[in-house]
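Notes follow the structure.
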Amino acid sequence: MAEPLARHDADASDTCPLPFRRVLLKLSGEGLMGVQGYGIDLDVVQRLAGEIRHVHETGVQLCVVIGGGNIFRGLSKAARGMDRTSADYMGMLATVMNALAVQNFLEKAGVPTRVQSAIPMASVCEPYIRRRAVRHMEKGRVVIFAAGTGNPFFTTDTAAALRAVEMNCDALLKATQVDGVYDADPKLVPDASRYETLTFGDVLRQDLRVMDTSAIALARDNGIPILVFSLQQPGALADVLRGAGRYTMIREET
């Protein structure tokens with residue numbers, strides 16, 4: 001596994017070598033809404049496609065997991081009174097809609113892309129097959145994993161960690177609305193402090209809730225570092241992969 005660079009120099013040279021060979025990018029469904037309160041902002045999706053294309057052009061193999069919270073979430077207010085299993089399946093279908101939207105804009109940008117769903121739906125995308133997904137990435141295609149794990153009661157964070165392990169990724173990059181992990185919500189606490197690095201144990205002990213505990217445990221047990229950053233900053237994805245920019249790295253104790 002490649003060793004990630006430790007510096008956080010925002011002015012790092014563009015010639016700095018990329019430390020990762022294959023990574024999984026976790027995008028929240030809410031990140032696709034833009035300033036809307038619901039649905040997909042196509043301008044935001046187009047910008048995200050440009051960010052992914054820039055990294056793809058460097059030769060890094062990319063796979064993506066997208067949440068569905070912008071359309072439907074199993075634990076949302078809209079799901080109150082519903083059977084949890086049915087609500088979670090509806091949330092999984094929302095992730096397929098998001099995956100198809102991102103695929104469309106990536107391919108318009110010239111990036112070959114495949115969507116694989118954990119719930120088979122042959123008319124719109126491929127079923128999830130691990131070996132096929134690996135082969136797609138080896139051929140230079142971006143693979144988007146949809147429908148979570150295919151099972152209720154598991155979040156897309158857990159699905160992201162699971163796919164990162166299955167794809168033998170060097171890192172899991174979690175794009176959020178803020179530039180790392182803080183000791184309090186920076187939107188509510190102006191003087192909240194950002195962590196540069198954390199161990200998996202720190203995240204669990206302090207209940208930082210950057211990802212659910214199942215996802216953290218999966219990443220910890222398989223030695224996959226998690227880098228938390230904000231995709232609201234243009235170029236942030238490429239910066240993180242160079243070891244530059246602002247982010248929080250979560251990794252094993254050294």
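Beta carbons closer than 8 Å, at least 6 apart along the sequence or on distinct chains, never pair a first residue in region 50-74 that is farther than 30 Å from Met90 by Cα with a second that is surrounded by fewer than 22 Cβ atoms within 10 Å (Cβ to Cβ) and of a type in the set (Phe, Trp, Tyr).
Within region 68-87, the only residue that satisfies the criterion of being crowded, with 23+ Cβ neighbours inside 10 Å and over 18 Å from the mean Cα position of the chain (by Cα) is Gly74.
Yes/no matrix, rows are residues, columns are (1) over 16 Å from the mean Cα position of the chain (by Cα); (2) surrounded by fewer than 17 Cβ atoms within 10 Å (Cβ to Cβ); (3) touching a residue at least 60 places away in the same chain (Cβ under 8 Å); (4) not in a strand (DSSP E or B):
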{"residue": "Phe153", "(1), (2), (3), (4)": "yes, yes, yes, yes"}
{"residue": "Asp157", "(1), (2), (3), (4)": "no, no, yes, yes"}
{"residue": "Cys169", "(1), (2), (3), (4)": "no, no, yes, yes"}
{"residue": "Asp179", "(1), (2), (3), (4)": "no, no, yes, yes"}
{"residue": "Pro190", "(1), (2), (3), (4)": "yes, yes, no, yes"}
{"residue": "Val203", "(1), (2), (3), (4)": "yes, no, no, yes"}
{"residue": "Arg220", "(1), (2), (3), (4)": "yes, no, no, yes"}
{"residue": "Val228", "(1), (2), (3), (4)": "no, no, no, no"}
{"residue": "Leu237", "(1), (2), (3), (4)": "no, no, yes, yes"}
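Looking only at region 78-110, residues that are touching a residue at least 12 places away in the same chain (Cβ under 8 Å) and not in a helix (DSSP H, G or I) come to 2 in all. Taking the criterion of being under 12 Å from Leu173 (Cβ atoms) and touching a His at 6+ places or on another chain (Cβ under 8 Å), the residues of region 203-243 that qualify are Leu237, Ala238.
When Ala118 is tested against (1) in contact (Cβ under 8 Å) with a residue 40 or more places away in the chain; (2) surrounded by fewer than 22 Cβ atoms within 10 Å (Cβ to Cβ); (3) out of contact with any Ser or Thr (no Cβ under 7 Å at 6 or more places or on another chain); (4) not β-branched (Val, Ile, Thr), exactly one condition is not met: (3). Restricting region 177-202 to residues that are under 20 Å from Leu27 (Cα atoms) and of a type in the set (A, V, I, L, M), which is modelled with the highest pLDDT? Ranking the candidates gives Val181 first. The listed residues are Gln61, Gln36, and the only one of them that is buried (at least 19 other Cβ atoms within 10 Å of the Cβ) and either within 25 Å of Gly243 (Cβ to Cβ) or modelled with pLDDT under 90 (or both) turns out to be Gln61. Residues of region 39-56 include at least one that is more than 15 Å from Leu241 (Cβ to Cβ), touching a helix residue (DSSP H, G or I) at 6+ places or on another chain (Cβ under 8 Å) and among the charged types (D, E, K, R). Of all the listed residues (Val143, Val111), the sole one being surrounded by 18 or more Cβ atoms within 10 Å (Cβ to Cβ), out of contact with any Phe, Trp or Tyr (no Cβ under 7 Å at 6 or more places or on another chain) and closer than 12 Å to Cys63 by Cβ is Val143.
The values are calculated or read from the model by the stated rules, or taken from the named source; none is laboratory data. Please read all numbers here as calculations on a predicted model, not as lab measurements. We place every Cβ from the backbone using ideal geometry, glycine too, and count neighbours over all the protein chains shown.
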